[in-house]
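Below is one structure, written out as structure tokens; comments come after it.
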Amino acid sequence: MTAEGAGHADVSPPVLAEVVRSGFVESRHRGSLVILAADGSVELALGDVTTPVFPRSSNKPMQAAGVLRAGLDLTGERLAIAAASHSGELFHRDLVRRLLSEHGLDAGQLQCPPDLPLDPVEQETYLASGAVRDRIAMNCSGKHTAMLAASAQRGWPLDSYLDPEHPLQKLIHRVVEEVSGERVAAVGTDGCGAPLLAITLTGLARAYRTFVLAEPGSPERRVADAMRAHPEYVAGTRRPDTWLMRAVPGALSKMGAEAVQALALPDGRALAFKVEDGAGRALGPVLRRTLHLMGVPTGKLGKAAVLGGGREVGEIRAVF
């Protein structure tokens, strides 16, 4: 050991998943994970679950609750898409257009960047039709539409609705702190341009637990109920969050970019994890293993195959 490294313990998070190709371990993905018991206590913690992370789109239920607290009355699939990282399928794009029209808004007021549909299958169809990158096709367009509509209803500025000091964003900031039970540690900018609020993985799991246990009719419960009733609007027809919320009664599930996942069950059990290197390919295997530990069937969350020459030659597997 060098003098520089003397006295410093290895603080790397544990390996959560590994990539096996032709029987050989090719890559490893480290990360941190927490499971909360039904009473809210920590049942399992791997790695560091008390240092803040950016939950990315796993924060979207909290942002949707902030929109409701601001007074915007959304229900059903309209509320679900306000909390969505949608696939950009035609039914998603059509609903965003209807929402904009219903609130006297237009796509030019959206400040999310123009993008292609998130779903690869839909993306091919979209491009084949001659369509180009568009703000409505961007996976956060439902959230941005809801933020604009809430701001318009309250008479708040529309051109600065993404400013962290905007009244709506300050309200969302309070929601995140209330439901997670901790202070926001840092404010950044998400990929869609919205403020991004850092909390710990334990706080993230606690927030999802708060949503599923909230009083019926409260903003948090309304968001949870809409997401669970219309999961295809939260994600898409070929997305794990959709499959999970359909297959597991009462489950509230939302992934985020950079390999973040949060989920709560109706009995108050919850989980949150982040893969350290942000590799989305590890999400499915880690989530499947975590749900197995919780005694939850994984439905369509099948094996993550590794391909070689167009055929299966290995898998990505959880190792905890």
(message) Given the criterion touching a residue at least 60 places away in the same chain (Cβ under 8 Å) and under 12 Å from E18 (Cα atoms), identify the matching residue among A318, A304.
(response) A318
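Name the single residue, out of those in the range 74-84 being open to solvent by less than 10 Å² (accessible area, probe 1.4 Å) and not β-branched (V, I, T), that is farthest from the chain's Cα centre (by Cα).
Kept after step one, since they are open to solvent by less than 10 Å² (accessible area, probe 1.4 Å), are these residues of the range 74-84: 74, 79-84.
From the residues that got through so far, the ones that are not β-branched (V, I, T) too are 74, 79-80, 82-84.
Values: L74: 20, L79: 15, A80: 13, A82: 12, A83: 9, A84: 8 Å.
Of everything passing the filter in the range 74-84, L74 is farthest from the chain's Cα centre (by Cα).
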(request) Please state which of the following conditions D115 fails to meet, knowing it meets all the rest: (1) out of contact with any strand residue (DSSP E or B) (no Cβ under 8 Å at 6 or more places or on another chain); (2) among the charged types (D, E, K, R); (3) open to solvent by less than 50 Å² (accessible area, probe 1.4 Å). (result) (1)
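If the requirement is being among the β-branched types (V, I, T) and either assigned to a loop (DSSP other than H, G, I, E, B) or closer than 29 Å to A194 by Cα (or both), which of these qualifies: V212, V313?
Only one candidate qualifies: V212.
Listed residues E4, E43, E89, E18; which is more than 21 Å from H166 (Cβ to Cβ), within 21 Å of the chain's Cα centre (by Cα) and either open to solvent by 60 Å² or more (accessible area, probe 1.4 Å) or modelled with pLDDT of 95 or more (or both)?
Values: E4 fails: within 21 Å of the chain's Cα centre (by Cα); E43 fails: within 21 Å of the chain's Cα centre (by Cα); E18 fails: within 21 Å of the chain's Cα centre (by Cα).
After applying the criteria, what remains is E89.
Would you pick out the residues in the range 191-219 that are open to solvent by 20 Å² or more (accessible area, probe 1.4 Å) and touching a residue at least 60 places away in the same chain (Cβ under 8 Å)?
As a first pass, look at the range 191-219 and keep what is open to solvent by 20 Å² or more (accessible area, probe 1.4 Å): 191, 193, 206, 209-210, 213, 215-219.
Matches in the range 191-219: G191, G193, R206, R209, P219.
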(message) So for the range 168-182 (the condition being over 20 Å from P219 (Cα atoms) and not in a helix (DSSP H, G or I)), does at least one residue qualify?
(response) no
(request) Output the number of residues of the range 183-209 satisfying the condition of being part of a loop (DSSP other than H, G, I, E, B) and within 30 Å of D134 (Cβ to Cβ). (result) 5
(request) Considering only the range 15-57, state which residues are among the aromatic types (F, W, Y) and farther than 30 Å from H144 by Cα. (result) F24
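Taking the range 249-283 as the region of interest, how many residues are surrounded by fewer than 20 Cβ atoms within 10 Å (Cβ to Cβ) and part of a loop (DSSP other than H, G, I, E, B)?
Residues that pass the stated criteria total 10.
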(message) Suppose we filter the range 245-267 for residues that are touching a strand residue (DSSP E or B) at 6+ places or on another chain (Cβ under 8 Å) and either modelled with pLDDT under 95 or among the basic types (K, R) (or both); how many remain?
(response) 1
(message) Whether any residue in the range 50-73 is farther than 27 Å from F273 by Cα, open to solvent by less than 10 Å² (accessible area, probe 1.4 Å), among the hydrophobic types (A, V, I, L, M, F, W, C) and part of a helix (DSSP H, G or I) is what I want to check.
(response) no
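Residues checked against (1) modelled with pLDDT of 95 or more; (2) within 24 Å of T237 (Cβ to Cβ); (3) exposed (fewer than 13 other Cβ atoms within 10 Å of the Cβ); (4) among the aliphatic types (A, V, I, L, M):
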{"residue": "I136", "(1), (2), (3), (4)": "yes, yes, no, yes"}
{"residue": "K143", "(1), (2), (3), (4)": "yes, yes, no, no"}
{"residue": "S151", "(1), (2), (3), (4)": "yes, no, no, no"}
{"residue": "L158", "(1), (2), (3), (4)": "yes, no, no, yes"}
{"residue": "P164", "(1), (2), (3), (4)": "yes, no, no, no"}
{"residue": "K170", "(1), (2), (3), (4)": "yes, no, no, no"}
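I'd like to check something: does the range 281-288 contain any residue that is under 12 Å from the mean Cα position of the chain (by Cα) and either over 16 Å from F211 (Cβ atoms) or modelled with pLDDT of 95 or more (or both)?
Filtering the range 281-288 for residues under 12 Å from the mean Cα position of the chain (by Cα) gives 283.
Retained after the next criterion (residues that are either over 16 Å from F211 (Cβ atoms) or modelled with pLDDT of 95 or more (or both)): 283.
There is at least one residue in the range 281-288 that is under 12 Å from the mean Cα position of the chain (by Cα) and either over 16 Å from F211 (Cβ atoms) or modelled with pLDDT of 95 or more (or both).
The values are calculated or read from the model by the stated rules, or taken from the named source; none is laboratory data. Since we're looking at a predicted model, the values are computed, not measured. Reconstructed Cβ throughout: ideal geometry from the backbone, glycine too, with neighbour counts over all protein chains shown. Accessible surface is based on the protein model in full, side chains and every heavy atom, while ligands, DNA and RNA are left aside. Shrake-Rupley method; radii C 1.70, N 1.55, O 1.52, S 1.80 Å.
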